[in-house]
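A.B. asks: Sharing a structure, written as structure tokens. Questions coming.
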Amino acid sequence: TQLLTGFVLFFLLLPQVNHEKIGIKMLLAIAVAVLATLYRNKIVKDEKPNPLFLLVILSSSIAATVIAFVW
């Protein structure tokens, strides 16, 4: 949901946005969405997911939040 609303807001406010900041945030959001989906699929299949998945998902989410409010 965050990824889709991010794209919608980006295109609505296109002339006013910092494209570098938005690009980095979108890449992080896509990475988080892909990794979270892979992590969830492993849990559904009763496989033990790599703990690194969770660390990367968490750190990418925090990085996107920091970029949004600090940069």
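The values are calculated or read from the model by the stated rules, or taken from the named source; none is laboratory data. Bear in mind the structure is a predicted one, so any value in this text is a computation, not a measurement. Surface accessibility is based on the protein's heavy atoms, side chains included, excluding ligands, DNA and RNA. Shrake-Rupley method; radii C 1.70, N 1.55, O 1.52, S 1.80 Å.
A.B. asks: Roll a 1.4 angstrom probe over the protein heavy atoms and tell me the percent of accessible area of the chain that is carbon or sulfur.
C.D. replies: 70
A.B. asks: Among (1) 5.7; (2) 4.3; (3) 5.0, find the value of mean projected area of the Cα convex hull in nm² that was calculated from the structure presented, and write down its label.
C.D. replies: (3)
A.B. asks: Can you sort F53, F11 by 1.4 Å-probe accessible area, starting with the largest?
C.D. replies: Sorted by accessible area, descending: F11, F53.
A.B. asks: If each residue of separation counts as 0.36 nm, what is the full-extension length gain between L54 and L3 once their alpha-carbon separation is subtracted?
C.D. replies: Between L54 and L3, full extension yields 16.5 nm more.
A.B. asks: So what is the accessible area of the chain per residue, in Å², with the probe set to 1.4 Å?
C.D. replies: 78
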